[in-house]
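> Sharing a structure here in structure tokens format.
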Amino acid sequence: MKVEFFKHNIEEADIERVCRVLRGLFLTTGPETALFEEKLKVFLGMEHAIALSSATGALHMALEALGVGSGHEVITTPLTFASTVTSICHQGAVPIFVDVEEDSGNLDASLIEQAISPRTRAILPVHLYGQMCDMKAIHAIATQRDLRVVEDAAHALEAERDGVKPGALSDAACFSFYATKNLGCGEGGAAATRDEALAGVLRRMRLHGLSKDASSRYTGGYRHYDVESCGWKYNMDDIHAALLVEQIDRLEGYLKRRQEISDRYVRGFQNVTGVVCPRGISNARNALHLFTIRVDSAIRDQVLLDLQAKEIGVSVNFRPLHLMSHFKKTYGLKEGMFPNAERIGASTITLPLYPKLRDDEVDAVIEAVREAVRKV
Ligand SMILES: *Cc1c(COP(=O)(O)O)cnc(C)c1O
């Protein structure tokens with residue numbers, strides 16, 4: 001049975017909404033984007049949400065707006081997607097990796113203190129697979145050492161831990177609406193913050209640093225715009241926003257279905273020797289973005305190939321960034337420096353997890369993994 005790695009959640013109503021935008025006047029940042037921002041803000045319980053073209057742009061702008069630049073260091077995790085760290089590099093700052101927790105794969109907050117130097121400016125935690133890092137601990141360190149905190153919440157839109165949601169205990173949280181994320185529109189992202197001044201800066205920076213966006217320049221009496229800072233081109237357009245405005249109302253139902261699938265996987269792998277399902281963090285709501293298992297690193301790649309041969313969509317999230325040639329070369333990093341991240345990176349496999357996945361498909365994936373692990 002062929003099982004896709006991912007299927008999106010776009011429905012006819014979303015497509016119809018895009019068509020309405022296309023038949024209207026504004027294609028770029030306008031009323032749909034504003035409506036989506038309003039709904040996202042409510043969903044997150046945050047004061048400000050700024051819709052952008054990607055999480056990468058959100059991370060990059062947040063770091064710049066918080067004054068991270070040349071000569072600074074930013075503490076982060078090696079077990080993440082490349083753009084968490086390229087956003088630091090583009091600011092001329094140096095990523096300082098600390099190892100992750102063996103179980104969750106999240107940045108280990110107890111290792112942050114010893115990585116702080118006089119050049120440290122910010123901490124950039126990543127909420128891996130949908131489980132939040134210990135934001136209370138990270139917030140305490142940041143407050144005490146006067147550091148900024150930007151969360152990579154690309155996996156964690158629906159997450160909560162110890163009563164804390166993304167953005168609540170940091171300067172900003174960054175979200176992704178990339179094609180395969182829990183909420184997706186192809187390419188999109190957002191930043192959420194409680195800080196009004198920061199929100200204003202992000203709003204301006206997402207559109208070249210101009211004092212007014214396109215639709216507000218158009219409506220009302222003509223007003224000249226000013227260039228108030230050297231900004232970027234990271235705004236979300238109304239076409240993409242239209243795909244998110246109603247989809248966001250369906251998130252709770254999607255999460256419930258992913259929970260059922262995740263439970264089914266865990267039950268299915270319970271008595272399979274050689275397959276480990278990571279345990280959940282207690283007192284937390286897991287956004288369940290990715291379902292991962294771990295197998296012996298000696299057979300991991302063969303298991304991947306076997307699953308692919310059976311037409312099961314699989315992925316690896318992530319092989320640690322300190323072993324990628326650019327970062328290795330540029331920052332003098334080497335194997336052995338972050339053993340937990342390396343162990344996870346060498347043994348992890350991501351299995352299909354999305355609301356449209358059927359029970360019989362989940363069972364087919366479980367059976368295929370069971371066979372692959374037994375064979376090698
Ligand atoms: C997807 C992802 C990103 C990048 O998101 P974009 O919207 O594609 O820029 C950043 N960090 C993590 C952890 C991701 O999974």
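> Please work out which residue is surrounded by the fewest Cβ atoms within 10 Å (Cβ to Cβ), limiting yourself to region 131-154 and to residues that are in contact (Cβ under 8 Å) with a residue 12 or more places away in the chain and acidic (D, E).
It comes out as D134.
> List every residue pair whose Cβ atoms sit under 8 Å apart, with the two residues 6 or more apart in sequence or on different chains, where the first one lies in region 103-130 and is touching a residue at least 24 places away in the same chain (Cβ under 8 Å) and over 28 Å from R258 (Cα atoms) and the second, anywhere, is of a type in the set (S, T, Y) and within 16 Å of the ligand (Cβ to nearest atom).
Pairs that qualify, where the first residue is touching a residue at least 24 places away in the same chain (Cβ under 8 Å) and over 28 Å from R258 (Cα atoms) and the partner is of a type in the set (S, T, Y) and within 16 Å of the ligand (Cβ to nearest atom), are I123/T76.
> Also: M46 - would you say it is within 16 Å of the ligand (Cβ to nearest atom), touching a strand residue (DSSP E or B) at 6+ places or on another chain (Cβ under 8 Å), of a type outside the set (S, T, N, Q) and at pLDDT 95 or above?
Criteria not met by M46.
> Select from region 272-286 the residues that are surrounded by 14 or more Cβ atoms within 10 Å (Cβ to Cβ) and in a loop (DSSP other than H, G, I, E, B) and list them in ascending order.
Selection gives V272, G274, V275, C277, P278, G280, I281, N286.
> Now for a different question. On the basis of being among the β-branched types (V, I, T) and either over 14 Å from F43 (Cα atoms) or within 16 Å of the ligand (Cβ to nearest atom) (or both), does T180 make the cut?
Considered against the rule, which asks whether it is among the β-branched types (V, I, T) and either over 14 Å from F43 (Cα atoms) or within 16 Å of the ligand (Cβ to nearest atom) (or both), T180 comes out as yes.
> Quick check on region 155-168. Is at least one of its residues of a type outside the set (K, R), in contact with a Gly (Cβ under 8 Å, 6 or more places away or on another chain), touching a residue at least 40 places away in the same chain (Cβ under 8 Å) and farther than 16 Å from N286 by Cβ?
Within region 155-168, one or more residues are of a type outside the set (K, R), in contact with a Gly (Cβ under 8 Å, 6 or more places away or on another chain), touching a residue at least 40 places away in the same chain (Cβ under 8 Å) and farther than 16 Å from N286 by Cβ.
> Within region 287-376, which helices (runs of 4 or more DSSP H) (wholly inside it) include 2 or more residues that are within 16 Å of the ligand (Cβ to nearest atom) and either aliphatic (A, V, I, L, M) or loosely packed, with under 14 Cβ neighbours inside 10 Å (or both)?
339-347
> Looking only at region 258-271, which residues are surrounded by fewer than 17 Cβ atoms within 10 Å (Cβ to Cβ) and under 24 Å from the mean Cα position of the chain (by Cα)?
Q259, E260, D263, V266
> Give the residue, chosen from G345, G280, G313, that is under 25 Å from the mean Cα position of the chain (by Cα) and farther than 25 Å from T76 by Cβ.
One residue alone meets the criteria, G313.
> Give the residue, chosen from G167, G189, that is within 11 Å of the ligand (Cβ to nearest atom), crowded, with 17+ Cβ neighbours inside 10 Å, within 20 Å of the chain's Cα centre (by Cα) and not charged (D, E, K, R).
G189
> Quick check on region 67-74. Is at least one of its residues under 28 Å from E102 (Cβ atoms), more than 16 Å from the ligand (Cβ to nearest atom) and modelled with pLDDT of 95 or more?
yes
> Of (1) under 30 Å from R294 (Cβ atoms); (2) within 15 Å of the ligand (Cβ to nearest atom); (3) outside any helix (DSSP H, G or I), A51 satisfies all except one. Which?
Unmet condition: (1).
> State which residue is nearest to the ligand (Cβ to nearest atom) when the search covers only region 134-162 and only residues that are out of contact with any His (no Cβ under 6 Å at 6 or more places or on another chain) and farther than 21 Å from S110 by Cβ.
Residue satisfying both the conditions and the ranking: A154.
> Determine which member of the set R257, R223 is at pLDDT 95 or above, of a type in the set (D, E, K, R) and away from the ligand (no atom under 16 Å from the Cβ).
R257
> Every residue in region 62-93 that is buried (at least 24 other Cβ atoms within 10 Å of the Cβ), within 15 Å of A153 (Cβ to Cβ) and touching a Phe, Trp or Tyr at 6+ places or on another chain (Cβ under 9 Å), please.
T76, T77, T80
> Looking at region 76-88, I want the residues that are near the ligand (Cβ under 9 Å from one of its atoms) and have a partner that is among the aromatic types (F, W, Y) and in a loop (DSSP other than H, G, I, E, B) with Cβ atoms under 9 Å, at least 6 apart or on another chain. Which pairs are those?
Listed by first residue and then by second, the contacts come to T80/F318; F81/F318; A82/F318.
> If I go through region 120-133 residue by residue, how many of them are more than 16 Å from the chain's Cα centre (by Cα) and either within 16 Å of the ligand (Cβ to nearest atom) or among the charged types (D, E, K, R) (or both)?
2
The values are calculated or read from the model by the stated rules, or taken from the named source; none is laboratory data. Given the structure is predicted, the values throughout are model-derived calculations rather than measurements. Neighbour counts run over all protein chains shown; Cβ positions are idealised from the backbone, glycine included.
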